[in-house]
Amino acid sequence: MLVASQLVFERYFEPVFLPVDFQLENGELLLVTGANGCGKTTLIRVLAGILHPTSGAIDNRFGAMAYVGHYLGIKDDLSVQENLRFMRDFLGLSSRSCTDVIEQVGLTRVAEQQARTLSAGQRKRCALARLLVSESPLWLLDEPYSNLDVEGVELVDDILRGHLETGGACVLATHGAHRPDWDQTNNFHLISGAAA
């Protein structure tokens, strides 16, 4: 369970978003939407522990979390295979085959290429592949659909659906052009326009 209570983050003594309250359980998705600059990324970074809230509290009973943000955390001088192997071994939680994960995210053809040679969409797929070797119950995703083609958008929906169906949870920020296509189910919550 992830609980946010009266969460506030200020920049230059001004709140970036209004106080946020939510409770996220296993199998649930929290979708954070709104216009550019409304505080979506800031909220995700606060939840990830990258930024510290000005006030309020976060209680993360899920424990381990996986974060994919605007900065993808990919080593340009390593291949796709090497990037994924490094992350899997660093976390030490998964026995999944990197080759299988690379195939699942559609990067088999470029698996041995240095990350610096990949397109923006391929780089995003490489970053998303880390989720599949993280074994983390909580995913924090900031604009996971950006730079992806139609197949890439479907990939995000597929891996997200699989994560939720196996008891995982996710906070996903998006400006709204793309969003999960099953948002009318009981496991879906929405925070819209996080800005003050």
Could you list, in sequence order, the residues of the stretch 82-101 that are under 18 Å from the mean Cα position of the chain (by Cα) and free of Cβ contacts under 8 Å to residues at least 40 places away in the same chain? Val101
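Of the residues Leu141, Leu118, Leu107, Leu131, only one is within 14 Å of the chain's Cα centre (by Cα) and assigned by TED's automatic domain parsing to the domain that holds Asn83; which?
Leu131 is the lone residue from the list that is within 14 Å of the chain's Cα centre (by Cα) and assigned by TED's automatic domain parsing to the domain that holds Asn83.
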Taking the conditions exactly as written (crowded, with 19+ Cβ neighbours inside 10 Å and polar (S, T, N, Q)), does Thr33 satisfy them or not? no
How many residues does the stretch 10-27 hold that are part of a loop (DSSP other than H, G, I, E, B), surrounded by fewer than 21 Cβ atoms within 10 Å (Cβ to Cβ) and not hydroxyl-bearing (Ser, Thr, Tyr)? 6
Suppose we keep only residues that are outside any helix (DSSP H, G or I) and without any contact (Cβ under 8 Å) to a residue 40 or more places away in the chain within the stretch 147-168. Which one would you say is surrounded by the fewest Cβ atoms within 10 Å (Cβ to Cβ)? Thr166
Selection from the stretch 8-30 of residues that are farther than 18 Å from Leu141 by Cβ and in contact with a helix residue (DSSP H, G or I) (Cβ under 7 Å, 6 or more places away or on another chain): Phe9, Val16
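The values are calculated or read from the model by the stated rules, or taken from the named source; none is laboratory data. Here the structure is a predicted model, which means the values were calculated and not measured. Virtual Cβ from ideal backbone geometry, glycine too; neighbours counted across all protein chains shown.
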